[in-house]
Amino acid sequence: MNLVESLRTHRLLAIVRGKDPAAALRTVRTLTEEGIEAIEVSLTTADALTVIRRARAELGPDAILGAGTVRSAADAAHAVEVGASYLVTPALVDGLEPYGVPVLMGALTPTEIELALARGAAAIKLFPGTLGGPGYLRALRDPFPEVPFVPVGGVDAQAARAYLDRGAIAVGVGSPLVGDAADGGDLDRLRTRAAEFRRVAAGETS
């Protein structure tokens, strides 16, 4: 799987994080049913590895299903073993190259971006996005015109539009999309939010 091309195409990465493993799995299933192609299950989710394993079994080998909040090589090893096809980190993490999957590596400053690229990052998770906002991404595009950026952190629908307009290849969206669904919340409301974010990713204005 080419993670970067998938993100460029779909422009949306859903981040699932919750306290209820069964609800988290239902959330992954619902997002997929609503046409969200790229989904990350945070390792801070209760029994996250089981959620990833079961989601992979249900969705099949081609699903764009990854593990987030990967903070060590050990985290990476466990995630890949249960079926994660890419990894997302909150910061610079060493030792992920041997696992042979794309890494969306967390970075914020220009120095961190360079260090992430040197570690083989396939794309940069611009995190936390709330610190700089879309204007900061626009400033980064000048020195890093070819770097694929995916802003994450506090990305609601309005911010998502702004980031995509300023050159992000995709946006990573957690609670503004998932809400309380992964804690057992209303799946119908999740479907409504998913439709809204899909419209944003498609560049629709209403």
- the stretch 133-206: GluC sites (Glu not before Pro) falling in loop per DSSP and having at most 15 other Cβ within 10 Å: GLU146, GLU204
- Query: P(r) for the stretch 81-206: what percent of alpha-carbon pairs falls in each 5 Å bin, starting at zero?
  - Reply: 2, 11, 20, 19, 19, 15, 10, 4, 1
- Message: Give me the base-10 log of I(q)/I(0) for the stretch 1-131 at each q in 0.11, 0.12, 0.19 Å⁻¹, Debye formula, one uniform scatterer per Cα, rounded to two decimals.
- Response: -0.34, -0.41, -1.04
- Task: Would you kindly compute the Cα radius of gyration of the stretch 112-184 and its largest Cα-Cα separation (Dmax), both in Å?
- Result: 12.9, 43
- Task: Report, in order of residue number, the helices in the chain meeting two criteria: a C-alpha extent of 15 Å or more along the helix axis, and a mean Kyte-Doolittle hydropathy of at least -1.0; treat each whole DSSP H run as one helix.
- Result: 21-33, 48-59, 187-201
- Task: Report, to the nearest whole %, how much of the accessible area of the stretch 117-197 belongs to carbon and sulfur atoms, 1.4 Å probe, protein only.
- Result: 48
- Amide H neighbours of LEU12 at under 5 Å, excluding residues fewer than 5 places away on the same chain, with H built from the backbone geometry, are VAL171
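The values are calculated or read from the model by the stated rules, or taken from the named source; none is laboratory data. All of these numbers come straight from a predicted model, not from anything done at the bench. FYI the Cβ positions are ideal-geometry reconstructions off the backbone, even for glycines, and counts take in every protein chain you see. Surface accessibility is based on the protein's heavy atoms, side chains included, excluding ligands, DNA and RNA. Shrake-Rupley method; radii C 1.70, N 1.55, O 1.52, S 1.80 Å.
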